[in-house]
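Report on the structure given below.
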Protein chains: 2
Amino acid sequence: MATRLSDVAARAGVSVKTVSNVINDYPHITARTRAKVEAAIAALDYKPNVSARSLRKGRSDFIALAIPEMGSPYFAELGAAISRAAKRRGITVLIDQTEGESAAERFVLDGMRGQLIDGIIFSPLATAPAKLTSADTGKPLVLLGERPAGGQFDRVAVDSVQASYDATTHLISLGRHRIAAIGVGGTGTGAVRRKGYRKALKAAGMAHDPVLELAGTGYHRLDGAASMRELLALPEPPDAVFCFNDLLALGALRTLADAGLRVPDDVAVVGFDDIEDGRYHSPSLTTVSPDKEWLADNAVALLLDRIAGNGGSTHRDLTVPYTLEIRESTGG
Amino acid sequence: MATRLSDVAARAGVSVKTVSNVINDYPHITARTRAKVEAAIAALDYKPNVSARSLRKGRSDFIALAIPEMGSPYFAELGAAISRAAKRRGITVLIDQTEGESAAERFVLDGMRGQLIDGIIFSPLATAPAKLTSADTGKPLVLLGERPAGGQFDRVAVDSVQASYDATTHLISLGRHRIAAIGVGGTGTGAVRRKGYRKALKAAGMAHDPVLELAGTGYHRLDGAASMRELLALPEPPDAVFCFNDLLALGALRTLADAGLRVPDDVAVVGFDDIEDGRYHSPSLTTVSPDKEWLADNAVALLLDRIAGNGGSTHRDLTVPYTLEIRESTGG
DNA sequence: CTGAAAGCGCTTACAG
DNA sequence: CTGAAAGCGCTTACAG
């Protein structure tokens with residue numbers, strides 16, 4: 001049998017209430033009592049039973065992080081940062097892979113894992129965030145990433161339109177004239193980043209060419225490689241490509257290398273996310289670099305604040321700082 | 001107040017025992033009773049409280065996966081696979097980043113999180129596995145990766161000596177004469193893979209040259225790039241490099257590209273792990289490819305079997321199948 | 001500060 | 001199959 005609170009109390013010669021007070025850092029405990037209790041805890045190697053505690057308190061100090069896939073570098077790096085940020089606050093993160101499936105996303109929102117978790121940080125892919133209503137989840141929820149107008153949850157995200165505008169403008173400033181986009185489509189990331197892309201073209205007096213906007217089926221290297229092949233098969237191939245994430249860009253670079261084209265001389269490439277692979281690739285990848293630590297820290301803080309009952313009915317929206325990291329793939 | 005078991009029982013007109021029986025799939029329930037109960041569960045949107053359940057049963061159906069860092073692609077891919085394998089069995093995985101720190105590893109082994117988890121899958125870095133004793137952890141534990149002789153836990157790992165032997169032999173078969181190794185050092189991975197490397201050299205009648213064995217400070221791209229720079233500064237640089245993981249190899253490839261050297265013509269490169277980055281890199285990376293799905297599935301199965309009380313005092317040791325994937329970095 | 005006691009929501013012998 | 005009840009290990013009013 002594991003040692004219990006009452007064993008500690010007996011050994012320290014105090015009541016269970018006092019032991020509980022010590023563990024939970026309540027005030028009004030004399031240093032002498034505290035020392036006695038701590039000695040007993042150490043002697044018995046006592047560890048509180050978290051199931052009992054959370055059953056009683058109705059709080060578990062667990063939060064869920066629901067992401068499409070943790071094998072994907074951006075989400076892996078983000079998950080690592082969020083785990084660290086939560087741990088600093090005494091919170092444990094359960095990571096759930098939805099694999100972009102509606103059913104799995106629904107499951108998470110359904111208050112997954114019974115009543116175990118206190119709240120959810122949710123990076124949606126299949127579920128259009130606009131369709132979420134607070135009835136879908138009894139739990140506090142913080143949304144990561146794009147959200148169409150009218151959302152009703154707290155959110156932390158980069159200004160994807162502005163960042164995409166900056167990325168495209170960088171390509172224009174290099175004197176490129178046929179600038180393609182890989183990763184358009186859908187109502188989320190693809191739509192929002194295309195908006196910034198088109199806006200930059202328009203600002204420069206350039207028309208957007210639908211033939212240069214590639215949708216693909218996903219956001220992996222495979223998709224980027226395939227889209228780039230399509231672009232190269234065009235009568236007039238592009239001289240620059242803005243890929244809506246780094247994985248697409250790395251796939252595109254692979255296709256360009258296979259085709260014997262020089263980067264950035266023949267084709268300049270920009271990505272989005274700043275995953276570590278891109279920094280070490282040859283050529284290194286120019287990319288939009290969101291501050292992931294900032295994102296993680298603020299997403300956790302926002303959720304905990306909401307769990308604590310703050311925030312009321314306002315839907316807070318935090319904008320993640322970013323920089324455009326200019327590297328070899330655009331001549332940097 | 002959330003709906004409870006007793007609410008469901010009241011609505012279905014049965015006892016709580018019967019509801020519990022339905023939920024836990026006990027036999028001897030008529031189809032009619034089951035249907036009544038399930039209708040009530042659906043109508044009330046009832047979800048069992050896992051804290052209460054695990055408090056009562058003494059089992060949580062949670063296991064911990066302790067890895068050095070989830071931002072690292074190999075561990076991210078492994079974590080994803082283990083999460084999936086566990087979910088198939090109704091088990092939830094808590095992922096813990098130890099960041100290779102002794103204290104954090106110790107914390108995990110200490111039966112982390114109170115009595116929440118039922119067992120641990122542990123990929124050690126700082127803690128020499130040989131030093132572990134079963135007294136360190138009250139929980140069933142499965143070790144991942146290298147283990148010096150004398151370990152006393154169940155383990156799942158590739159035969160690193162043999163795999164390193166194969167990788168090095170492949171380089172020898174290409175006619176290379178100065179074959180370097182990056183990632184030697186320590187008592188774990190570095191030591192074991194060096195053993196296979198030296199063994200292959202010896203089998204081919206070649207002497208190993210200490211000057212060609214680079215230790216570095218870690219297993220990241222940064223370390224691989226730095227080690228490769230050291231090798232290129234040698235009076236007689238190598239014509240082939242066996243890197244003890246893919247990240248090191250990708251860093252080395254970056255240095256080679258910067259130096260204007262051709263791969264594999266000037267220097268052939270082999271990695272270990274088969275992470276996705278290597279497959280898409282230019283040149284694509286020849287590497288030892290462990291079957292990660294097999295590893296994940298068997299690690300989870302082994303742990304659950306141990307949790308169920310099986311296995312006795314035998315220390316089971318499972319060997320993960322692998323292949324050598326020959327790609328462009330060695331001319332494949 | 002202490003002590004005795006209730007109760008969080010389950011599962012599980014127990015008697016029928 | 002059912003029903004009444006105990007108990008998992010905590011936290012928290014409550015009375016002192």
Net charge near A:His208: determine it from the other residues with C-beta under 12 Å of the C-beta of A:His208, scoring Lys and Arg +1 and Asp and Glu -1. +4
Estimated dipole of chain B in Debye, rounded to 20 [Cβ of Lys and Arg +1, of Asp and Glu -1, Cα centre]: 1660
Farthest toward positive dipole pole in the protein assembly as shown [+1 Lys/Arg, -1 Asp/Glu at C-beta], among A:Gly224, B:Leu171, B:Ala308: B:Ala308
7 Å along Cα→Cβ for the label point: how many nanometres lie between A:Gly186 and each equivalent label in the other copies, listed shortest first? 3.5
Put a label point 7 Å from Cα along the Cβ direction on B:Ala308, then list its distances to the equivalent points in the other copies in nm, shortest first. 4.6
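Taking R0 as 51 Å, what FRET efficiency do you get between A:Arg34 and B:Thr323 from their Cβ-Cβ distance, rounded to the nearest 0.05? Walk me through the intermediate numbers first.
Working: r = 59 Å, r/R0 = 1.16.
In this case the efficiency is close to 0.30.
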FRET efficiency, A:Ala10 to B:Ala204 (Cβ-Cβ, R0 51 Å, nearest 0.05): 0.15
Position B:Gly90, label points 7 Å along Cα→Cβ, spacing to each other copy in nm (shortest first, one decimal): 3.4
Under 10 Å, Cα contacts only: if you run a Gaussian network model on chain B, which one of B:Phe62, B:Phe272, B:Phe242 comes out with the highest mean-square fluctuation? B:Phe62
Restricting to DSSP loop positions (anything but H, G, I, E, B) with no more than 12 other Cβ atoms inside 10 Å of their own Cβ, which chymotrypsin sites (Phe, Trp or Tyr not before Pro) remain in segment B:279-329? none
Under a 10 Å cutoff between Cα atoms, tell me which one of A:Asp246, A:Asp45, A:Asp159 has the largest fluctuation in the Gaussian network model of chain A. A:Asp45
Could you work out the relative contact order of chain A, using alpha carbon pairs under 8 angstrom and six or more residues apart, expressed as a whole percent? 15
Amide H partners (placed H, <5 Å) of A:Glu213, local residues excluded: A:Ala181
With the dipole of the protein assembly as shown worked out from charges on the C-beta (+1 for Lys and Arg, -1 for Asp and Glu) around the Cα centre, which of A:Phe75, A:Asn298, B:Tyr74 lies farthest toward the positive end? A:Asn298
Which aspartates and glutamates, if any, have their Cα less than 16 Å from the Cα of A:Lys202, not counting same-chain residues under 8 positions apart? A:Asp166, A:Glu213
Measuring from the axis that superposes chain B on chain A, report the chain B residue with the minimal C-beta distance, rounded to whole Å. B:Ala76, 2
Choose one answer from B:Val156, B:Val241, B:Val14: the residue with the largest mean-square fluctuation in a GNM of chain B with alpha-carbon springs under 10 Å. B:Val14
Any lysines with Cα under 17 Å of the A:Lys17 Cα? List them, leaving off those in the same chain fewer than 8 positions away. A:Lys36, A:Lys47, A:Lys57
Hydrodynamic calc, the protein assembly as shown: Kirkwood Rh from Cα pairs, then Stokes-Einstein at 37 °C with viscosity 0.692 mPa s, so D in µm² s⁻¹ is 120
Round to the nearest 0.05 the FRET efficiency obtained for A:Thr187 and A:Ala43 when R0 = 56 Å and r is the Cβ-Cβ distance. 0.40
Between A and B, buried accessible area summed over both sides at probe 1.4 Å, in Å² to the nearest 100? 4000
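The values are calculated or read from the model by the stated rules, or taken from the named source; none is laboratory data. This one's a predicted model, so the numbers in the text were calculated from it and none came from an experiment. Note that we place each Cβ from the backbone using ideal geometry, even for glycine, and neighbour counts take in every protein chain shown. Accessible surface is based on the protein model in full, side chains and every heavy atom, while ligands, DNA and RNA are left aside. Shrake-Rupley method; radii C 1.70, N 1.55, O 1.52, S 1.80 Å.
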